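K.L.:
Right, I'll just put the structure down here and ask away after.
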Amino acid sequence: MSLQDIENSIRNVPNFPKAGIQFKDITTAIKQPQILKEIIEKIADHYRSKKIDYVVGIEARGFIFGAILAYALGCGFVPVRKKGKLPADVLTQEYSLEYGTDKVEIHKDALNKGDKILITDDLLATGGTTEAAVELVKKTGADIIGFAFVIELDDLNGRKALEKTAEVFSLIHY
């Protein structure tokens with residue numbers, strides 16, 4: 001199975017969630033067992049030799065890929081959630097949105113100093129949410145080894161800031 005097969009399985013939804021946006025819908029890809037398996041295997045193969053301790057997945061679609069990827073890599077999974085969703089003591093990071101700000105959180109005891117971390121999400125656009133996850137991971141003392149995305153929107157330059165921290169790996173580029 002090729003990257004073209006994966007790309008062909010991703011539905012484009014024009015004008016969602018607002019006019020002018022071309023939404024890349026991964027639900028049409030992940031409902032196909034062979035496509036889902038290929039996505040995970042291609043990302044896992046890229047990071048297998050890095051001896052990752054935890055995959056950190058960003059809410060919500062990062063949970064889909066992150067948990068399966070952690071299983072494939074034989075490591076743990078740690079969620080980064082929207083504010084107010086985690087039950088124990090948390091670290092919080094604010095980030096900018098197009099109109100205002102939002103916050104993401106991680107449990108204070110989720111990671112330890114020196115843990116090797118792979119941060120993942122379904123799509124890299126501007127990188128704002130991922131940069132917030134970076135700050136959370138840094139607060140724990142863990143080391144970010146890389147970033148993994150299924151899709152990257154190249155024109156939005158999200159990669160630029162993230163590459164200062166670690167390698168950015170994306171399967172599909174638009």
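K.L.:
Which of the peptides 6-17, 122-133, 159-170, 64-75 is most tightly packed, and how do the rest follow, judged by the mean count of other Cβ atoms within 10 Å per residue?
P.N.:
Working: 6-17: 13.5, 122-133: 22.2, 159-170: 15.8, 64-75: 19.4.
Highest to lowest by the protection proxy: 122-133, 64-75, 159-170, 6-17.
K.L.:
Quick one: dipole size for the stretch 49-173, taken about the Cα centre, charges +1 on Lys/Arg Cβ and -1 on Asp/Glu Cβ, in debye to the nearest 20. Can you show the working numbers first?
P.N.:
On the way: 16 positive and 19 negative charges, 74 e Å.
For this selection, approximately 360 debye.
K.L.:
Can you list the HN-Hα couplings for the stretch 74-91, worked out from phi with the Karplus curve (6.51, -1.76, 1.60; θ = phi - 60°), rounded to whole Hz and with x for Gly and Pro?
P.N.:
x, 10, x, 10, 10, x, 9, 10, 5, 3, x, 9, 9, x, 10, 4, 10, 9
K.L.:
Turning to a different aspect of this structure: Take the chain, connect every pair of alpha-carbon atoms lying under 10 Å apart with a spring to form a Gaussian network, then pick out the residue of Val78, Val90, Val55 with the largest mean-square fluctuation.
P.N.:
Val90
K.L.:
So between Met1 and Gln22, what do we pick up on full extension, going 0.36 nm a residue minus the alpha carbon distance? It would help to have the intermediate numbers written out before the result.
P.N.:
Working: separation 21, 0.36 × 21 = 7.56 nm, distance 2.53 nm.
Here the answer is 5.0 nm.
K.L.:
With n ≥ 4 as the cut-off for DSSP H runs, can you work out [θ] at 222 nm for the chain, using -39500 (n - 2.57) per run divided by the number of residues, rounded to the nearest 500? Mind showing how you got there, number by number?
P.N.:
Working: 6 runs with 56 residues, N = 174.
That calculation yields -9000 deg cm²/dmol at 222 nm.
K.L.:
To continue, here is another question. Looking at the stretch 42-82, which trypsin sites (Lys or Arg not before Pro) are in a loop (DSSP not H, G, I, E or B) and have at most 16 other Cβ atoms within 10 Å? If you can, show how the numbers build up before the last one.
P.N.:
Numbers: sites: Lys42, Arg48, Lys50, Lys51, Arg61, Arg81, Lys82; in loops: Lys51.
Counting only loop positions with at most 16 other Cβ atoms within 10 Å, the trypsin sites (Lys or Arg not before Pro) in the stretch 42-82 are Lys51.
K.L.:
Given the Cα-Cα distance of Asn157 and Thr101 and 0.36 nm per residue of separation, how much length would full extension add, in nm?
P.N.:
On the way: separation 56, 0.36 × 56 = 20.16 nm, distance 1.96 nm.
Gain on extension, Asn157 to Thr101, equals 18.2 nm.
K.L.:
Beyond 15 Å, what share of the Cα-Cα pairs of the stretch 1-105 remains, rounded to the nearest whole percent?
P.N.:
Working: 3901 of 5460 pairs.
Value for the stretch 1-105: 71 percent of Cα pairs lie more than 15 Å apart.
Every read-out reported here was derived from the displayed coordinates using simple, explicitly stated rules and does not represent laboratory data. Predicted model only: the values in this text are computed from it and were never measured. Note: ideal-geometry Cβ built from the backbone for every residue, glycine included; neighbour counts use all protein chains shown.
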